[in-house]
Amino acid sequence: MAAFHITDIESAINWWRERRPSPDGITACAEVRALAEVYGLMVYYHESECDEDSMPGAARDAWLAWYASTPDAPCIAICSTSQGDAVCKGCGRTFLEVQRWTEMTPAEKRATWRRITHDNTAWRFNRYAERAQEGSAQAAETAQDPQAAQDPQAAQGPQAAPVAAAGVAPAGLSVVAAGADLPTAAA
């Protein structure tokens, strides 16, 4: 049986706090209160996971609403399990996880996401995250210098290196860098 991890409960609380902020700085919305009750009990009893079936309905519904806002599959369309690898080099899932993904519960999927993020060995967390960061830096420079869009050599000029080194990305672009946790996980 899969379980909800405390960091996912935290992330769901923060997501709901952002969506439905307190009007007076004290009162929390019903979803935050439901999740906070579960979170408080987990902290009190020093538990890192809450059984999927024992979670109260209101808290489970609030968690599932947050879950629906997260990326579903970690796939980056480079599946080495189809070439015989036991663990996909692209996303980090095992062959069985890739095969069963559509049958897995949300809690099982989040457990897989937690594991592959913690392992940090899949290409999605290193090679392709770095390429995405470089691409976003080039896009930022192109936005700053329209001449670069017309002249590809201009993008390779002296201004491109500092932008890429600084890791500047256009507003609204989320890049998962090596060592970073999921975009939805609590910091």
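Which one, Val43, Ala12, Ser22, is farthest towards the positive end of the dipole of the stretch 1-54 when Lys and Arg carry +1 and Asp and Glu -1 on their Cβ?
Ser22
Please tell me the relative contact order of the stretch 72-125 in percent, rounded to the nearest whole number, where contacts are Cα pairs under 8 Å and at least six residues apart.
Over the stretch 72-125, the number comes to 35 percent.
Once a ≥ b ≥ c are taken as the square roots of the eigenvalues of the Cα gyration tensor of the stretch 1-69, is the result rounded (a/c under 1.5), prolate (a/b larger than b/c) or oblate (a/b not larger than b/c)? The partial results should precede the final answer.
Working: a/c = 2.06, a/b = 1.52, b/c = 1.36.
In terms of gyration-tensor shape, prolate.
Using packing as a proxy for protection, rank 112-125, 43-56 so that the peptide with the highest average count of other Cβ atoms within 10 Å comes first.
Put in order of decreasing packing, that is 112-125, 43-56.
For the stretch 72-125, what is the Kirkwood hydrodynamic radius in Å, using each pair of distinct C-alpha atoms?
Taking the inverse mean of 1/r over all distinct Cα pairs, the stretch 72-125 comes out at 10.9 Å.
If you rank Val38, Val87 by fewest surrounding Cβ atoms within 10 Å, what's the result?
Result, fewest neighbours first: Val87, Val38.
Just so you know, all these numbers are worked out from the coordinates, no wet-lab data involved. Since we're looking at a predicted model, the values are computed, not measured. Note: ideal-geometry Cβ built from the backbone for every residue, glycine included; neighbour counts use all protein chains shown.
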